[in-house]
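Inspection log for the structure reproduced underneath, given as structure tokens.
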Amino acid sequence: MNTPLFEFLCRMGDNTLVLGHRVSEWCGVAPVLEEDIALANTALDLIGQTQLWLGMAGEVEGKGRDADKLAFHRDVWDFRNALLCEQPNGDFGQTMMRQFLFDTWHLIMLKALADSSNDQIAAIAEKSVKEVTYHQERSADTVIGLGDGTEESHMRMQRALDKLWPFVGELFIGDDVDDAMVEQGIAPDPAALRTRFDNQLDAALAEATLTKPADDFAHKGGKTGARHTEHLGHMLTQMQWLQRAYPDASW
Amino acid sequence: MYAQMIKSTGQGVKSLDEMEPDERAFQERINAGGKIEPKDWMPEGYRKNLIRQIGQHAHSEIVGQLPEGNWITRAPTLERKAILLAKVQDEAGHGLYLYCAAETLGVTRDDLTRDLLSGKMKYSSIFNYPTLTWADMGAVGWLVDGAAIMNQVPLQRTSYGPYARAMVRICKEESFHQRQGFDIMMKMANGTEAQRKMAQDALNRFWGPALMMFGPSDADSVHSAQSMAWKIKMNSNDELRQKFVDQTAPQAEYLGLTIPDKTCKLNAETGHYDFAQPDWDEFFDVLRGNGPCNTERLEARNKAWDDGRWVREGLLAHAAKKRSAKLAAE
């Protein structure tokens with residue numbers, strides 16, 4: 001069993017699982033019908049990517065756990081998603097700001113993974129890039145539109161950015177797992193993605209007339225599983241409930 | 001059927017000889033199987049009736065997201081979650097085509113939305129029932145989408161072009177929805193004891209409301225007679241209900257589930273299933289706003305609309321700024 005590879009795949013899959021779940025909470029209550037469709041579409045893509053990442057994680061682990069087993073039968077400390085993904089939806093602005101920050105990182109990451117030495121990872125990344133390109137275009141457009149919209153929408157988007165900013169840094173903090181991935185040519189060094197991220201972010205925020213917080217403090221503990229926020233546990237009680245309540249059933 | 005109790009002119013169907021030349025030409029075109037397009041002449045009653053019908057259908061798709069959205073976050077596997085998301089996304093899409101079809105008749109989506117939110121326009125009674133277990137996702141697909149298809153397949157031939165074309169696309173997706181619902185029911189009916197219990201309970205709760213979807217008997221309704229003459233209603237409510245029972249009863253048997261109606265049996269003489277009428281008092285209660293979920297559904301839609309106001313205003317303001325910047329640059 002390749003432990004760092006398993007960890008890495010869980011990080012990718014848990015990001016998409018947890019964020020996909022959050023986005024799916026919007027079902028039927030978006031500000032306009034087109035947004036209902038777009039949010040459902042984004043959630044659907046992310047859940048599809050989860051099936052691929054966690055499916056591969058299960059194969060790599062070799063203990064007979066499939067994607068569903070990993071998604072529905074692990075507890076909070078086993079989840080490896082970035083803290084950003086588990087943050088609550090808040091208002092539509094906060095949801096779209098979270099999406100924009102994640103999508104911008106995600107797209108850069110996936111483009112790098114498309115050149116992975118691991119063919120299966122490269123193939124998953126290549127498929128995901130197509131979907132996430134659209135997610136990023138849309139979330140960036142929405143952040144720009146609402147940032148540079150009315151006084152109220154601007155205020156709400158700035159508040160969302162200020163609130164979520166401390167969860168961005170974690171995406172770029174490397175550890176032993178990342179070192180092992182870099183060594184094997186499987187994945188890039190997270191820190192190496194920062195410049196491209198900042199450039200894209202700065203350009204969009206300028207157009208959105210939003211101000212990046214000066215303080216670069218970063219909460220961490222999601223991708224290592226060391227310390228999630230309180231929000232994840234509540235999400236899992238809902239997400240995993242049926243599987244946990246009826247463990248002998250198949251669905 | 002997602003449109004119920006649609007009022008027509010209420011004046012009864014005129015004969016061709018009673019019609020003015022425009023109306024006569026219009027009716028003859030319909031009688032010959034032709035399509036009416038947005039710019040064609042049409043009687044005011046036809047236009048109003050269609051707006052009510054298409055609007056109610058669109059609203060049903062929108063409100064219909066809620067009982068299923070209730071289970072997206074609790075879907076038991078990743079695949080089920082993905083399928084349910086795809087289904088709800090389709091429904092929002094159906095709402096969108098239908099609002100577009102209605103807009104060709106001279107109303108705006110905002111007008112229709114206002115009438116939904118104020119309670120002036122209705123949506124199908126079925127969406128005022130709660131979804132209480134995962135088996136309800138199966139029952140909704142199997143029974144609710146199954147009943148909707150009964151009405152929507154013939155509407156592909158309806159006289160109004162944009163409505164007929166929207167219905168072609170919608171029907172393709174609805175049949176996928178129904179199949180996925182039946183697939184959930186099969187899994188549940190053949191599953192553990194608890195799952196079988198959930199499946200039977202879902203059928204017990206949704207059988208009557210599904211039969212009500214077709215509306216009360218309209219054999220003597222002047223509204224229905226006019227709608228049928230205009231080919232915006234293709235079959236009577238009783239015909240469609242019978243067809244639905246004939247299709248569904250053997251499927252329940254195949255699943256090993258019991259339809260909650262002791263009289264529901266194949267009648268060798270007629271070749272159709274006999275069945276008991278659903279509780280029409282309950283139906284009228286639901287229509288009056290007293291269904292189990294009427295209040296929550298309308299509150300949820302109103303909250304979504306109110307909470308989204310700043311978003312809509314923000315995006316419009318941005319679009320206006322961009323337009324004026326573009327004009328200034330030219």
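Values for this structure:
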item: Listing of segment A:27-41 residues, each with accessible area lower by at least 30 Å² in the full protein assembly than in the chain alone (probe 1.4 Å); result: A:C27, A:G28, A:V29, A:P31, A:V32, A:L33, A:E34, A:I37, A:A40
item: For segment A:173-251, Kirkwood radius (reciprocal of mean inverse C-alpha pair distance, Å); result: 16.6 Å
item: Dipole-positive endmost among A:T237, A:L9, A:M97 within segment A:4-245 (Cβ charges, Cα centre); result: A:T237
item: Cβ-defined net charge surrounding B:K265, 14 Å radius [Lys, Arg +1; Asp, Glu -1]; result: -4
item: Å² per residue, accessible surface of segment B:35-109 at 1.4 Å; result: 28 Å²
item: Portion, in percent, of the accessible area of chain A that falls on carbon or sulfur, probe 1.4 Å; result: 51 percent
item: With every protein chain in place, segment B:141-217: carbon and sulfur % of accessible area (1.4 Å); result: 53 percent
item: Heavy-atom surface of segment B:118-172, accessible at 1.4 Å and reported per residue (Å²); result: 28 Å²
item: Protein heavy-atom accessible area occluded, A/B pair - total, 1.4 Å probe, Å²; result: 4000 Å²
item: Proximal charge balance of B:L203 [Cβ under 13 Å; K/R count +1, D/E count -1]; result: -1
item: Charge sum, other residues only, whose C-beta stays under 15 Å from B:G256's C-beta, Lys/Arg counted +1 and Asp/Glu -1; result: 0
item: Chain B, relative contact order [Cα under 8 Å, separation at least 6], %; result: 21 percent
item: Relative contact order of segment A:4-245, pairs being alpha-carbon contacts under 8 Å that are 6 or more residues apart, as %; result: 25 percent
item: Selected from A:L33, A:A226, A:T50, residue furthest toward positive end of dipole (chain A; charges at beta carbon); result: A:A226
item: Exceeding the 24 Å Cα-Cα cut-off - candidates B:K35/B:K120; B:K197/B:K265; B:K48/B:K122; B:K81/B:K120; B:K122/B:K233; B:K172/B:K262; result: B:K35/B:K120; B:K81/B:K120; B:K172/B:K262
item: CD proxy at 222 nm, helix term only [per DSSP H run n ≥ 4: -39500 (n - 2.57); per residue of chain A; nearest 500]; result: -21000 deg cm²/dmol
item: Expected 222 nm ellipticity per residue - DSSP helices of 4 or more, -39500 (n - 2.57), all of chain B, to 500; result: -20500 deg cm²/dmol
item: Unit charges on C-beta of K, R, D, E only; dipole of chain B, Debye; result: 1140 debye
item: Cα shape, segment A:54-131, gyration tensor, a/c 1.5 rule; result: oblate
item: Cα pair distances exceeding 28 angstrom across segment A:4-245, given as percent; result: 27 percent
item: Accessible area expressed per residue, chain A, with surrounding protein chains retained (probe 1.4 Å, Å²); result: 38 Å²
item: Rg to Rh, two decimals, where the protein assembly as shown supplies the alpha carbon set and Rh follows Kirkwood; result: 1.02
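The values are calculated or read from the model by the stated rules, or taken from the named source; none is laboratory data. Predicted, not measured: the structure shown is a model, and the values here were computed from it. Positions of Cβ are backbone-derived with ideal geometry, glycine not excepted, and every protein chain shown enters the neighbour counts. Remember, those area values only see protein heavy atoms, side chains included, never the ligands or the DNA or RNA. Shrake-Rupley method; radii C 1.70, N 1.55, O 1.52, S 1.80 Å.
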